[in-house]
Amino acid sequence: MTDSAAVAAEGLVVRPSRATDGPFLQSLYQTARPDLQWIDGEPEHVQQVVAQQFQVQEQGMGDNYPNAMHYVVEKLGTAIGALSTDFGANEIRVLYLAFIPQARSQGFGRAVLQGVQKAAQQIRCPVATVVWTSNPHARRHYLALGFAVEERNPAAERLVWYPQ
């Protein structure tokens with residue numbers, strides 16, 4: 001682990017999400033979707049659209065990955081992010097990783113992903129994720145952690161990391 005990742009990891013806890021985390025997770029989802037900030041309308045209407053999109057994501061993950069595990073990332077007891085993973089037959093999939101704006105660019109995502117990589121290393125299993133082409137920041141982070149592009153289409157890329 002790099003020094004900056006070690007510093008970021010201090011006080012960082014990844015715990016299973018609870019039903020009481022719902023409001024935090026929905027708020028986090030809204031900040032992680034900058035496209036939703038462009039909705040023109042009354043605040044109540046915007047919140048309704050955000051809530052619907054959040055439910056679509058949750059249902060889609062549940063339908064496609066019924067055994068997915070959902071976590072809240074905390075720093076010194078305060079919720080700052082979320083992680084959803086699925087341990088498939090042949091790979092660990094990172095389905096969702098997001099942080100509140102104040103926690104971004106501080107090494108927390110790197111520390112969490114390195115934890116996933118460490119778990120994958122122990123069971124000799126690759127880690128895969130899909131990154132939207134509209135999210136070059138996330139793509140750079142995954143590539144810096146040793147992920148490689150395995151599939152590409154106009155909307156997204158499938159990135160995979162293999163244990164050494």
Original post:
Inside the range 105-157, can you point out the residues that are of a type in the set (D, E, K, R) and farther than 20 Å from residue 15 by Cβ?
Top reply: 124, 139, 140, 150, 151, 152, 157
Original post:
Which numbered condition trips up residue 137, out of (1) touching a residue at least 12 places away in the same chain (Cβ under 8 Å); (2) in a helix (DSSP H, G or I); (3) closer than 18 Å to residue 31 by Cα?
Top reply: (1)
Original post:
Hey, among the residues in the range 2-12 that are exposed (fewer than 15 other Cβ atoms within 10 Å of the Cβ) and at negative phi, which one's modelled with the lowest pLDDT?
Top reply: 2
Subject >> In the range 93-102, the residues that are touching a residue at least 24 places away in the same chain (Cβ under 8 Å) and over 13 Å from the mean Cα position of the chain (by Cα) >> reply: 101
**OP:** Please work out if residue 149 is of a type outside the set (Phe, Trp, Tyr) and crowded, with 16+ Cβ neighbours inside 10 Å.
**Re:** no
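The values are calculated or read from the model by the stated rules, or taken from the named source; none is laboratory data. Note that this is a predicted model, so its numbers are computed, not measured. Virtual Cβ from ideal backbone geometry, glycine too; neighbours counted across all protein chains shown.
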